[in-house]
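Only the coordinates and a few stated rules stand behind these numbers; no lab work does. None of these values were measured; they are calculated from a predicted model. Neighbour counts are summed over all protein chains in view; Cβ atoms, including those assigned to glycine, are modelled from backbone coordinates with ideal geometry.
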Amino acid sequence: MKKLVIKDNLTSLELVTEINKFRKKEGNKNELLHKNLLTIIRDEFEIEISRLEIQPSTYKSSRGKEYPLFILTLNQAKQVLMRESKFVRRAIIQYIEKLEQALKGTAKVEMTKLPFEYKVEVKNQSELIKIYQTENKTYYIKAKDLWRKLEINQYFRSWINKRIEKYDFIEEFDFINMKDDYALTLDMVKELCIIENTINSKLIKKYIIIFERHLKEEQMLMVEQMKERFKNKKVAYILNHNSAVRKCANEVIEFTNSLNIGKVITSLNKEKIVNLCVMLKAYAFPIEMDKKFGINEDGLIEFNYYPIIQV
């Protein structure tokens with residue numbers, strides 16, 4: 001018995017072979033020519049072909065000459081059969097259903113669990129689906145990658161265009177057109193996974209959720225490390241520039257004395273002024289860091305550490 005080859009499509013050449021096999025079993029001696037089947041396909045899928053959702057391919061004969069053919073999804077192959085007799089149609093549909101069941105079986109074997117679990121380093125694990133990153137650190141997934149992983153029984157353009165139109169996805173917000181592909185936001189991918197509602201889609205959705213959770217934890221850790229680094233830099237700046245702070249304090253003292261307010265600045269008051277300058281310097285330092293590290297005003301880091309300088 002010939003082993004069933006598991007696949008998610010049929011070429012027009014394979015389809016015409018199956019049609020003629022069951023025509024012969026039915027007792028129909030009229031053999032369907034491949035070129036006539038191509039005419040039927042062009043008529044049946046005129047709109048899809050005009051939109052380039054179904055594109056012709058070629059094959060080489062035993063003599064090395066190239067001939068045209070079409071590659072059809074299993075659902076499209078069923079649609080072509082509507083012009084065949086009930087016997088032929090039923091026999092080939094049963095054959096196609098066997099292919100579909102075989103595909104589902106392989107999907108269960110290949111994707112029974114995620115390649116990593118939460119709290120495990122993502123970068124050290126195998127990828128379930130490739131997640132890309134833009135220069136401004138926006139993450140996205142290519143639509144063709146998702147289409148392949150979900151094992152959609154439709155042509156790529158047909159599937160993605162229908163989903164975008166039906167579920168009102170917005171260009172430049174949910175996705176970006178990339179000539180022959182689309183960059184999909186992770187949120188859009190999760191929505192598509194919910195819509196498809198298959199084993200693969202559920203696993204991909206969970207994969208993305210865990211990826212985002214892990215990413216958030218990494219970002220929080222980086223913020224804490226950044227705060228500590230800035231804190232250490234700030235303290236080091238203060239301790240290494242005491243002479244500059246003292247000079248500033250002396251200028252303040254000289255200025256207040258010149259005001260002739262009837263009081264002399266004592267050493268105790270001088271110490272207070274120096275410490276005040278240090279405190280002001282501590283708060284001013286993040287502003288100086290803003291130019292170097294790109295910290296905005298909302299991101300200024302303040303903490304209660306004011307070294308006491310002995311005068």
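For L72, list long-range residues whose amide hydrogen, built 1.01 Å from N in the peptide plane, is under 5 Å from its own amide hydrogen.
Long-range HN contacts for L72: L10, T11, S12.
Rg to Rh ratio, the stretch 173-225, alpha-carbon atoms and Kirkwood radius?
A ratio of 1.11.
Relative to the present Cα-Cα distance, how much length would full extension add between S62 and E127 at 0.36 nm per residue of separation?
Gain in length upon complete extension: 19.3 nm.
About its Cα centre, what dipole magnitude does the stretch 23-80 give when the only charges are +1 on Lys and Arg Cβ and -1 on Asp and Glu Cβ, stated in debye to the nearest 20?
440 debye
Using the Karplus curve 6.51 cos²θ - 1.76 cosθ + 1.60 with θ = phi - 60°, work out ³J(HN,Hα) for each residue of the stretch 166-171 in order, rounded to whole Hz, and write x for Gly and Pro.
Karplus-based 3J(HN,Hα) across the stretch 166-171 equals 5, 10, 6, 6, 10, 5 Hz.
For a quick check: sort T134, T17 by the number of other beta carbons within 10 angstrom, fewest at the front.
With the sparsest Cβ surroundings first, the list reads T134, T17.
Once the convex hull of the C-alpha atoms of the stretch 9-100 is built, how many Å³ does it hold per residue, rounded to a whole number?
Spelled out: Cα convex hull of the stretch 9-100, divided by residues, is 100 Å³.
Calculate, in whole percent, how much of the Cα-Cα pair population of the stretch 132-197 lies beyond 18 Å.
That fraction is 27 percent.
Using a 7 Å offset from the Cα along the Cα-to-Cβ direction at both Q101 and F173, what is the distance between the two label points in nm, to one decimal?
4.5 nm
Please order S201, S61, S85 by the number of other Cβ within 10 Å, starting at the fewest.
The most exposed by this proxy come first: S61, S85, S201.
Can you give the local net charge around I208? Use residues other than it whose beta-carbon is closer than 10 angstrom to its beta-carbon, Lys and Arg +1, Asp and Glu -1.
Local net charge: +2.
Give me I208, I170 ranked fewest to most by other Cβ atoms within 10 Å of their Cβ, as a rough exposure proxy.
I170, I208
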